[in-house]
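A.B. asks: Got a structure for you, questions after.
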Amino acid sequence: MATGRDDFVIAFRSAFLKKKDKQKFSLLSLILLSIIVIILSNINFKPIQFVKIGINEIIYRSSYIVSKPENYLKNTLLVFTEHMNLYENYKITKSEFENLKEEKIVNNFLKIENKKLRNLINENIDSNEILAKVLIDRESPFLKSVILNKGTKDNVKMGMAIIDGVYLVGQIIEVNYTNSRALLLSDLNSKIPSVLAPQNIQAVVSGTGKNYGIIEHTKEDIEEDLNKVDTIVYTSGLGGLFKPGIPIGKIYKDSENKVDFFSDFTQLNFIKITSFNIGDKN
Amino acid sequence: MSSLNESTFFRVLLSYLPLIILFVSVFNEFDFNYLNIENFSFNFVYILIFYWTLRNPDSLGYFSIFLAGIINDVVLGIPIGISSLSYLILCAVTAYVRNITLSPNFVKDWFSFLFTMVLINSIQVIILDLIFIIEINYLRYLVNTGFTFLFYPLFFLAFNFLSQLILQKKND
């Protein structure tokens, strides 16, 4: 019995403390170092934050360079697929274009009317836009985020909205000197206050970790309303980070409350980092 | 002379190949951990570290593994140090298994890999969910662990082939 225990202790000690010929550090010292790093990375202490930003800068840039050949292959494949589907896409786009032309006429009137009404209540929305390139869009099963090539030196701040075209895709959650990280709407931790149209119901769009979102914190009998017509989800502007009316996605009727995001997060290349100043004109 | 130089270069490159694969897989955007297929993903880095630290421990240094973990955390955006800790626990288990085993047995290794993955994923979930309050999908962790376990034999064969090639070139 005692021999068995001794064997275990010897094997355990040998595994953790003994260094092999080519190992410069023992396992135990590196495990302790990892634990210290985890604790330090959680402390909001300025020198540690600077070290963290430095590490992020180096690794993001290196990762961008290492990923270049793979991205080149990915883009080539995409161009080839698009080329093969050119005629079919042309037919679909043509019919969509006709519909949009009709909608634009109606929208122009609504825009003017909206401007008039905002003037009446003395409300003003200013926005600052920074154009940024997506450096890394490595998605993990646990976190959906992208790295952008703009940071504090370009006046990027935490919480700014990420817009692809006119669609909301996420918000800034980490800012370094020359780059930043944006959390995508599809991430489990993403919660955006929104409004459902045409029902005019307030809700929160929450990410699921998959390529769709779900509706949360809303009225109980919402399913009935959503099953009648296709629903568009816009930002509600509650919380003050985003302006109201940025399109997020669409809920198709009978789709069990799944929000299909308008933007394809796997194809993000250039995006706008936007901040909004919402308030009185004066 | 030229052929001798080429052979030396190839031999050195081959001996560093596991390390190169490790760093490319943590740096690169392409990730077996996220293949964009519903309910399918596996952790290639776990398999790589488990195999090489168990069968050929001189190929991957512990400090390189620690560094790879830091890089993985920064690229993924999770708190720094978590992957390093996971990878090093994996190394600790392989070192222990190596010390208590006289003749290597594939099935025993395979099941100790499953045990280790369950252990390190539990530690990861505890750190992320309970300490850092980052919401995570438990089912994905479970599926990921299952597929990583199932894919181990496949990569075991591939890495065995590579390991033999390295050994062969070393003895040339």
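The values are calculated or read from the model by the stated rules, or taken from the named source; none is laboratory data. Keep in mind that what you see is a predicted model, and the values were worked out from it rather than measured. Cβ atoms come from the backbone with ideal geometry, glycine included; neighbour counts cover every protein chain shown.
A.B. asks: Which of the residues that make up the stretch A:63-75 are more than 14 Å from B:Asp73 (Cα to Cα) and surrounded by 13 or more Cβ atoms within 10 Å (Cβ to Cβ)?
C.D. replies: A:Tyr64, A:Val66, A:Ser67, A:Glu70, A:Asn71, A:Lys74 - these are the residues of the stretch A:63-75 that are more than 14 Å from B:Asp73 (Cα to Cα) and surrounded by 13 or more Cβ atoms within 10 Å (Cβ to Cβ).
A.B. asks: Given the criteria outside any strand (DSSP E or B) and modelled with pLDDT of 90 or more, does A:Val169 qualify?
C.D. replies: Details: outside any strand (DSSP E or B): no; modelled with pLDDT of 90 or more: yes.
The answer is no for A:Val169.
A.B. asks: Residue under question is B:Ser103, and the condition is that it be in contact (Cβ under 8 Å) with a residue 40 or more places away in the chain and either surrounded by fewer than 21 Cβ atoms within 10 Å (Cβ to Cβ) or closer than 25 Å to B:Leu167 by Cα (or both); does it hold?
C.D. replies: No: the conditions fail for B:Ser103.
A.B. asks: Failed condition for A:Ala11, given (1) closer than 30 Å to B:Val93 by Cα; (2) touching a residue at least 24 places away in the same chain (Cβ under 8 Å), with all others met?
C.D. replies: (2)
A.B. asks: Check A:Lys94, A:Lys46 and return the single one that is out of contact with any Lys or Arg (no Cβ under 8 Å at 6 or more places or on another chain), at pLDDT 80 or above and not assigned by TED's automatic domain parsing to the domain that holds A:Gly151.
C.D. replies: A:Lys94
A.B. asks: For the condition more than 24 Å from B:Ile134 (Cα to Cα) and either basic (Lys, Arg) or surrounded by fewer than 22 Cβ atoms within 10 Å (Cβ to Cβ) (or both), what is the one hit in A:Ile215, A:Ile173, A:Ile232, A:Ile251? Before the answer, list the steps.
C.D. replies: On the way: A:Ile215 fails: more than 24 Å from B:Ile134 (Cα to Cα); A:Ile173 fails: more than 24 Å from B:Ile134 (Cα to Cα); A:Ile251 fails: either basic (Lys, Arg) or surrounded by fewer than 22 Cβ atoms within 10 Å (Cβ to Cβ) (or both).
Criteria check complete, one pass: A:Ile232.
A.B. asks: Being modelled with pLDDT of 85 or more and under 26 Å from the mean Cα position of the chain (by Cα) is true for just one of A:Val79, A:Val51, A:Val66. Which residue is that?
C.D. replies: Within the list A:Val79, A:Val51, A:Val66, the selection yields A:Val79.
A.B. asks: Could you list, in sequence order, the residues of the stretch B:64-75 that are hydrophobic (A, V, I, L, M, F, W, C) and within 9 Å of another protein chain (Cβ to nearest Cβ)?
C.D. replies: Matches in the stretch B:64-75: B:Ile65, B:Phe66, B:Ile70, B:Ile71, B:Val74, B:Val75.
Yes/no per residue for (1) within 23 Å of A:Asp187 (Cβ to Cβ); (2) more than 10 Å from chain A (Cβ to nearest Cβ); (3) surrounded by 15 or more Cβ atoms within 10 Å (Cβ to Cβ):
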| residue | (1), (2), (3) |
| --- | --- |
| B:Tyr62 | no, no, yes |
| B:Gly77 | yes, no, yes |
| B:Lys108 | no, yes, no |
| B:Thr116 | no, yes, yes |
| B:Asp129 | yes, yes, no |
| B:Ile133 | yes, no, no |
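A.B. asks: A further question on this structure: For the stretch A:177-281, give me every one of the strands (runs of 3 or more DSSP E) that falls completely inside it and has 2 or more residues that are under 13 Å from the mean Cα position of the chain (by Cα).
C.D. replies: Filter on the stretch A:177-281 gives A:180-184, A:191-197, A:201-207, A:212-216, A:270-280.
A.B. asks: While we're here: So which residues in the stretch B:152-167 are crowded, with 16+ Cβ neighbours inside 10 Å and either out of contact with any Leu (no Cβ under 9 Å at 6 or more places or on another chain) or under 19 Å from B:Asn105 (Cβ atoms) (or both), if there are any at all?
C.D. replies: To start, the set of residues in the stretch B:152-167 that are crowded, with 16+ Cβ neighbours inside 10 Å comprises B:152, B:155-156, B:159, B:162-163, B:166.
Across the stretch B:152-167, the qualifying residues are B:Tyr152, B:Phe155, B:Phe156, B:Phe159, B:Ser163.
A.B. asks: Out of all the residues in the stretch B:131-144, is one or more of a type in the set (A, V, I, L, M, F, W, C), within 13 Å of B:Phe50 (Cβ to Cβ) and part of a helix (DSSP H, G or I)?
C.D. replies: No.
A.B. asks: Shifting gears a bit: Name the residues in the stretch B:84-106 that are more than 9 Å from chain A (Cβ to nearest Cβ) and touching an Asp or Glu at 6+ places or on another chain (Cβ under 9 Å), would you?
C.D. replies: Selection gives B:Thr101 alone.
A.B. asks: If you go through the stretch A:241-282 one residue at a time, how many are of a type in the set (D, E, K, R) and in contact (Cβ under 8 Å) with a residue 60 or more places away in the chain?
C.D. replies: So the answer is 4.
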